[in-house]
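Okay, structure first, notes after.
The values are calculated or read from the model by the stated rules, or taken from the named source; none is laboratory data. Computed from a predicted model, the values in this text were never measured in an experiment. Cβ: placed from backbone, ideal geometry, glycine included. Neighbour counts: every protein chain shown. All accessible areas refer to the heavy atoms of the entire protein, side chains included, with ligands and DNA or RNA removed. Shrake-Rupley method; radii C 1.70, N 1.55, O 1.52, S 1.80 Å.
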Amino acid sequence: MARIPRETVDAVRERTDIAEVIGRHVALARRGRNLVGLCPFHQEKTPSFNVIPDKGIYHCFGCQAGGDVFRFLMTLEGLSFVEAVKELAAPVGITIEERELTVAERKALRQRATAFEVLDAAAGFFEAQLWTSAEGAPAREYLEGRGMTPEQARSARLGWAPSGWSRLIDHLHRQGFDPEVLAEAGVARPRREGGGYYDTLRERVIVPIRDERGRVIAFGGRLLQGEGPKYLNTPETRIYEKSKVLYGLDVARHPIQQRGRVLVVEGYFDVLSLQQAGYGEAVATCGTALTEAHLDRIRRLTRDVVLVMDADEAGLRAAERTLPLFVEAGIQPWRLDLPGGKDPDECLRAEGGAEAFATALERRQPLFEWVVGRKLDAYGDTTMSRERVLDELVPLLAMLESQGRGAVAVTDGRLTRLVANRLALPDDAVVKRVRQLVATGRRPEAEAEPAPEVAWQPSRDAVHLLWLVVHRYDQVADLVARLDPSVLGWVAGEDASEDAQQAVRAALARLVSGEPVATVIEDGADPTMQRVLRAIVARDKLYDEAEAATALAHIVDRMARPRWSARLNQLKGQIARAEASGDSATLLAAMRDKKALHEREKRLDTALRHGDVAQALALVGDPGGSGVPPAG
């Protein structure tokens, strides 16, 4: 079993800015003391994902996902708890002392750490070759010819892979890295014959591919001369899956959130040129088509995507094929065609530069409309060709109609009218075809992960009591600590099980003792209690500081009344039985206790009416005869 000292985990959690970590993946906007965004764990149109920085947790009111910063990384990136803690410890200057790690966990941590170390060292080698070696001169000239400034090239950590079969391997071996480890990281390959390894990239301009935290996870190499593919990437590894990686996203994340859009291009140098020209929101795929995983990463940051793909036939087909993916993801896609069929890098280096690109960007076209025009251009303008176009477009319209998501929805009929107009058909004819497909041939929609089953439901008063302790700790914690324990007997509600009562009492006791709510949530054994606490933390407006103590008194009063009622019914039963049996001693005692309880109830009502919190909380305890406080 993996073990990290509790105090170390708490220190990492306390020093880590949860908003900054989650903000790498989700576009967050300030709402009061919380930050809100679209949930990364299920598709939604209206933000219900809350980050509460001062409590160190997140909570989604849509799918009920939530937890602390460790839980976020574990869920989103598939890390173990130990890996998540180690990921966050180093940036905040905490060294993790591993104790009792399993063999598998040690191996996983070692492999992950070593891969990042290898790739960072390899990037340093390539950088040195570019800037300090004679062999790097052609690469420096190439970058200068593309208009790349030294500052931009150094920021992107561009490099040069020299000639020779094992220059990188030899260099890294002298630093203590074995060739087998280099092969696992993708920068070396095993020889087919004779054993040994050789460098994956040679005589190429090197573009480090980084993850969203800025760590090198792979390399792309651009051939300047000679035979071979113009671009070559290192292979997929344990930390690099090209179908999930967007080049430049580590730099583009903040500009995307600020501008509310992302520019998706095809080449690494297109990204670098756009970033240098002031378009920091540019990203590129790593030699693959746009995938659902790519759009999932984009969807967390923006719902506005501009495709700036190549104008050759392959690029046009690729743009057309992405439309269903955008529809499924609920993202508004645009198509941007640059003048003269140029790619972004060529456009920026041509006459007009950034200004010409800005002008072109204003003329971007909704991808759906672009696809309609492309199909008409391809099939011609005959009756039969229009029918063929309609056959291909109706499924997309049906998807949009059935999902009705945001800017790409057709609930207003705009796109249906557009298709009808372009095909010279009556609106009703197109609408009829779409409705028929929606009714009979709707594609199954992807469903969000079901919310965890709720085993019990806390009472409203239990929720409000916990809210006060979490949000108004200074005003109520001491008061709660001094409560008669009997008051909390039915804290979860009259109908809740003893396990539920115990879950609420345990959480309340830990919170009153001053434990951070994030720790209480993550260490809790009851999933319903965890969900309730996350929702409580995300709700920041319920009682003002000035009314917190009075609210506590009324809540505790309502929680205690069922026991008072039960005690009164018990006394009434005793009185009736004593009268029937002629037991005068029991009758007098029961009548005395009943009168005292009624008098106590009147005093409690008076204390509550006048806001005397101390008196109310003193009176609200055990309703048993021996527990009735004296008058006064």
Looking at (1) under 18 Å from T237 (Cβ atoms); (2) open to solvent by less than 70 Å² (accessible area, probe 1.4 Å); (3) in contact (Cβ under 8 Å) with a residue 24 or more places away in the chain; (4) not in a strand (DSSP E or B), can you tell me which one A183 breaks?
(3)
Exactly one of these conditions fails for W334: (1) open to solvent by 40 Å² or more (accessible area, probe 1.4 Å); (2) assigned to a helix (DSSP H, G or I); (3) touching a Leu at 6+ places or on another chain (Cβ under 9 Å); (4) of a type outside the set (K, R). Give me its number.
(2)
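From the list V82, V118, exactly one residue is open to solvent by less than 30 Å² (accessible area, probe 1.4 Å), at pLDDT below 85, in a helix (DSSP H, G or I) and among the hydrophobic types (A, V, I, L, M, F, W, C). Which is it?
Numbers: V118 fails: at pLDDT below 85.
Exactly one residue qualifies, and that residue is V82.
Being closer than 30 Å to R13 by Cα and exposed (fewer than 15 other Cβ atoms within 10 Å of the Cβ) is true for just one of S584, S513, S565. Which residue is that? Please lay out each step first, then the result.
On the way: S584 fails: closer than 30 Å to R13 by Cα; S565 fails: closer than 30 Å to R13 by Cα.
Step by step, each of S584, S513, S565 is checked, and only S513 is closer than 30 Å to R13 by Cα and exposed (fewer than 15 other Cβ atoms within 10 Å of the Cβ).
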For the stretch 346-355, check the following and say yes or no: at least one residue is touching a residue at least 40 places away in the same chain (Cβ under 8 Å), outside any strand (DSSP E or B) and over 24 Å from Y279 (Cβ atoms).
no
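Here's the yes/no breakdown for (1) closer than 22 Å to E362 by Cα; (2) among the charged types (D, E, K, R); (3) free of Cβ contacts under 8 Å to residues at least 24 places away in the same chain; (4) open to solvent by 10 Å² or more (accessible area, probe 1.4 Å):
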| position | (1), (2), (3), (4) |
| --- | --- |
| R213 | no, yes, no, yes |
| L224 | no, no, no, yes |
| G228 | no, no, yes, yes |
| I239 | no, no, no, yes |
| L246 | no, no, no, no |
| Q258 | yes, no, yes, yes |
| S273 | yes, no, no, yes |
| A277 | yes, no, no, yes |
| C286 | no, no, no, no |
Selection over the stretch 15-64 where residues are touching a Ser or Thr at 6+ places or on another chain (Cβ under 8 Å), over 24 Å from E87 (Cβ atoms) and in a strand (DSSP E or B) yields a count of 1
Check on R202, more than 14 Å from F126 (Cβ to Cβ) and either part of a strand (DSSP E or B) or open to solvent by 40 Å² or more (accessible area, probe 1.4 Å) (or both):
no
Name the pairs: first residue in the stretch 599-617 and polar (S, T, N, Q), second residue not in a helix (DSSP H, G or I), Cβ to Cβ under 9 Å, at least 6 apart or on different chains?
T606/D612
Six or more apart or on different chains, Cβ under 6 Å: which pairs go from a residue in the stretch 521-532 that's farther than 12 Å from L466 by Cα to one that's of a type in the set (D, E)? Could you list them?
E522/D68
Might you let me know whether the stretch 298-310 holds any residue that is open to solvent by 40 Å² or more (accessible area, probe 1.4 Å), in contact (Cβ under 8 Å) with a residue 24 or more places away in the chain, not in a strand (DSSP E or B) and not basic (K, R)?
yes
Restricted to the stretch 121-139, and to residues that are farther than 9 Å from G159 by Cα and either modelled with pLDDT under 85 or over 34 Å from the mean Cα position of the chain (by Cα) (or both), which residue is surrounded by the most Cβ atoms within 10 Å (Cβ to Cβ)?
E135
Can you give me the number of residues within the stretch 312-322 that are buried (at least 16 other Cβ atoms within 10 Å of the Cβ) and either within 23 Å of L76 (Cα to Cα) or modelled with pLDDT under 85 (or both)?
5
Sole miss for H598 among (1) open to solvent by less than 50 Å² (accessible area, probe 1.4 Å); (2) in a helix (DSSP H, G or I); (3) modelled with pLDDT under 85 is condition (1)
